[in-house]
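Below is one structure, written out as structure tokens, with a few remarks after it.
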Amino acid sequence: MLLENGETITALRELTPTQIELGVEKICYSFSCFGLKEEMISLLMGQENIRPMKAIKRLIETRLKIKISNEKMGELSKIYAENLSPNLQLTLEITAKIDWHAGEFSDWNSCYWGSRRMAREILLENGGKAIKIFSQQGNSRCWAYPIGESSWILFNMYSSNHLRLEDVARILTQHYYKKGIRLGYTEVKFSVKNDAENLLHINNNSGILISNDPELLAENEIIIDPTFYCSECGEKIDWSSYGYTQYEVFCEECKESPYYCERCGTRLRETEVHWGNDYPYCEECFDDLFTSCDRCGEVVRRDEATYIEEYDKILCTFCLENYYTWCGKCERYIINNDIIYIDGEGDYICEECYSKYTKDCSKCGARFYEENLDEEGICWYCRKAGKRNG
Ligand SMILES: [Zn+2]
Ligand SMILES: [Zn+2]
Ligand SMILES: [Zn+2]
Ligand SMILES: [Zn+2]
Ligand SMILES: [Zn+2]
């Protein structure tokens, strides 16, 4: 009903809010309430043949049913003469999308773009909206936080043209009055329950409440309890105990154990952590970097593991060194069961290579690589010993 998405409101800006007591309802004491201003402007601008101030006087007196002195009339005509410039036109746009860049609405130094970026999410998740204000003199913006059905708190105004939250409240009040919704506005203290760090970063801890509820308007302190969910486990945040980074809020439990992938830096829930060499990794990085040994099951870095095609096995260094042997002849790893000791050489070799490349020394009977035996099949030791003896 109020502040619909995409709603645009045009209004004339009042340079000097005319807080002249006219006996109108206290909260809506602005002179331009109840649509009077537009009528006055048309009177002042349009009809030269009448005396405008006289017509305005009559308008006020009939509409608001009050008597106005000539002195007060003079004051009013001066103020409104100053307010007739067409470049004082404002356009308000209500949106639930924060789709501008830092500074586009005079909000360069708003922490919502930096250290409290996450405040924008908290705001939007709770039905909050932005009010963008366009004018020829520059753009402004403020936030609006819903309090029940027809009540909103405006806060954190950033303006390049000295527009104030009160001006926005006044414009909204006028706008909805024309639609038959009677609202008041008032300044209130505004804060988040138990929020020590002021996560929403409410400037001056105050805002302007606009509401159709007289009881609410009589309050001078509004404490909100926004719903927001833990970035890690999805639990509702209890604002009495939470942790946060500039991008995320965590529940009490999760704030203590934040895991970040050692390689890509992604924040991980406890259940998403894959441990590799005592460091946490995300699934993707873990699969890229690690595998497990097919023999002992240990997690092992891929660049430290050995794949043996013949057995279709990935092996850790320990298992490779302890259960497999390198056959230097055919240059492959052989499972220890299938390896044979060549006593003459003090070396191991696979069965195939054993029968292919080794022979017993015809003298001492020890096993040698054939290439180490001479034409008579005698090993180097026997020959040396023979020479010495003979
Ligand atoms: Zn959590
Ligand atoms: Zn990763
Ligand atoms: Zn192993
Ligand atoms: Zn071999
Ligand atoms: Zn020999």
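The values are calculated or read from the model by the stated rules, or taken from the named source; none is laboratory data. Remember, predicted model here, so these are calculated numbers, not experimental data. Cβ sites come from the backbone with ideal geometry, for glycine too, and all protein chains shown count toward neighbours.
Below, the figures for the structure above:
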read-out: Spans of strands (runs of 3 or more DSSP E) in the range 186-298 with at least 2 residues in contact with a Phe, Trp or Tyr (Cβ under 7 Å, 6 or more places away or on another chain) and aliphatic (A, V, I, L, M); value: 206-211, 221-224
read-out: Some residue of the range 198-219 being surrounded by 13 or more Cβ atoms within 10 Å (Cβ to Cβ), in contact with an Asp or Glu (Cβ under 7 Å, 6 or more places away or on another chain), assigned by TED's automatic domain parsing to the domain that holds L163 and closer than 30 Å to R164 by Cβ; value: yes
read-out: Qualifying residue in the range 259-280 (condition: surrounded by 13 or more Cβ atoms within 10 Å (Cβ to Cβ) and in contact (Cβ under 8 Å) with a residue 60 or more places away in the chain); value: no
read-out: Count of residues meeting criterion [touching a helix residue (DSSP H, G or I) at 6+ places or on another chain (Cβ under 7 Å) and either among the polar types (S, T, N, Q) or surrounded by fewer than 20 Cβ atoms within 10 Å (Cβ to Cβ) (or both)] in the range 112-136; value: 2
read-out: In the range 314-336, residue farthest from ligand 4 (Cβ to nearest atom) [restricted to those that are in a helix (DSSP H, G or I) and crowded, with 16+ Cβ neighbours inside 10 Å]; value: C319
read-out: Candidate set from the range 368-390 (those that are in a strand (DSSP E or B) and over 16 Å from C327 (Cα atoms)); member that is nearest to ligand 4 (Cβ to nearest atom); value: L373
read-out: Pairs where the first residue, in the range 89-104, is under 8 Å from K132 (Cβ atoms) and the second is among the aromatic types (F, W, Y) and at pLDDT 90 or above, C-beta under 9 Å, 6+ apart; value: L92/F134; E93/F134
read-out: Boolean, V249 is within 16 Å of ligand 2 (Cβ to nearest atom) and aliphatic (A, V, I, L, M); value: no
read-out: Residue check, D343 acidic (D, E) and either within 16 Å of ligand 2 (Cβ to nearest atom) or farther than 28 Å from T306 by Cα (or both); value: yes
read-out: Test for N156: is it among the polar types (S, T, N, Q), over 15 Å from P226 (Cα atoms) and touching a strand residue (DSSP E or B) at 6+ places or on another chain (Cβ under 6 Å); value: yes
read-out: Qualifying residue in the range 110-120 (condition: in a loop (DSSP other than H, G, I, E, B), under 20 Å from H201 (Cβ atoms), more than 23 Å from the chain's Cα centre (by Cα) and not acidic (D, E)); value: no
